[in-house]
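Reviewing the structure listed below.
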Amino acid sequence: MPRYAKQDFPVAKVRRFLEPGPIVLVSSAWKGETNIMTLGWHMVMAEEPALVGCYIWDANHSFELIRRSKQCVINVPSIELARQAVGIGNCSGREVDKFTKFKLTAVPGEVVSAPRIAECYASFECRLVDSRLISRYSLFVFEVVKAHVAKSPRFPTTLHYRGEGLFMIAGPTQAKYKRWFKPQNL
Ligand SMILES: Cc1cc2nc3c(=O)[nH]c(=O)nc-3n(C[C@H](O)[C@H](O)[C@H](O)COP(=O)(O)O)c2cc1C
């Protein structure tokens, strides 16, 4: 096993090593307006109920749409949408209709009024279940109330943000370590 010689590292940049989740496109709707933002800072908080925490910066237009409607859809894009994912993060719904600009198809949510994105591999309809951390940390705690996932491929090629414009692209999925797990931890 290697022992790594280490050097001081700026704490503000540790995100580079801690952001393994796929970037997602968060769609929202409020009073007839729809919007999409790109989001990398999310975390699974519980399995049942299925809770997901999302950091949504309060300067983003999506912040108010989601805070007021108390709903959103977390859509998982695969690598084919890399260009759109960056573009959606480069502009604000205050100025543009992102569904039109990025030629994405809005599909009505089954449970929430926020639209799903047809071109994404998966869409998770969410309700805001805890707003207490929003004012302090911009952290929205959502419950996934309905999940739509493509039949194939089983593991999509997702984009994982490393900061500073760098993406890690999802690689092969390995089953060879499974035998080391306690069954109850699988
Ligand atoms: C790869 C990537 C990851 C991002 N992650 C986040 C995030 O986790 N939270 C956030 O508030 N903004 C994040 N952004 C920035 C928003 O997507 C961006 O500010 C966007 O313009 C907001 O759109 P809106 O004003 O229409 O809501 C990210 C952008 C990119 C390109």
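Ignoring ligands, DNA and RNA, what percent of the accessible area of the stretch 38-186 is carbon or sulfur (1.4 Å)?
Values: 4990 of 9370 Å².
Carbon and sulfur together cover 53 percent of it.
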| Excluding ligands, DNA and RNA, what is the solvent-accessible area per residue of the stretch 64-186 at a probe of 1.4 Å, expressed in Å²? | 64
| Ranking by accessible area, most exposed first, for 143, 110 with a 1.4 Å probe | 110, 143
| If you build a Gaussian network model of the chain, linking Cα atoms that sit under 10 Å apart, which residue out of 78, 69, 28 swings the most? | 69
| field | Under Karplus coefficients 6.51, -1.76 and 1.60, residue-wise ³J(HN,Hα) of the stretch 51-62 in Hz, glycine/proline x | value | 9, 9, x, 10, 8, 10, 4, 6, 7, 6, 4, 4
| message | What does the extension gain come out to for residue 168 and residue 33, with contour length at 0.36 nm per residue minus their alpha carbon separation? | response | 45.3 nm
| task | State the extension gain, in nm to one decimal, for the chain segment bounded by residue 136 and residue 181, taking 0.36 nm per residue of separation less the distance between their alpha-carbons. | result | 12.5 nm
| What dipole magnitude, in Debye to the nearest 20, does the chain give about its Cα centre under +1 on Lys/Arg Cβ and -1 on Asp/Glu Cβ? | 580
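I'd like to compare 9-17, 93-101, 155-163: which one has the highest average count of other Cβ atoms within 10 Å, and what's the full order after that?
Result, highest mean first: 155-163, 93-101, 9-17.
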| With each run of n ≥ 4 DSSP H residues scored as -39500 (n - 2.57), what mean residue ellipticity at 222 nm is computed for the chain after dividing by its residue count and rounding to the nearest 500 deg cm²/dmol? | -3500 deg cm²/dmol
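The values are calculated or read from the model by the stated rules, or taken from the named source; none is laboratory data. These figures come from a predicted structure and were not determined experimentally. So basically every Cβ, Gly included, is an ideal-geometry build from the backbone, and we count neighbours across all protein chains shown. In case anyone asks, the SASA skips ligands and DNA or RNA and just uses the protein heavy atoms, side chains included. Shrake-Rupley method; radii C 1.70, N 1.55, O 1.52, S 1.80 Å.
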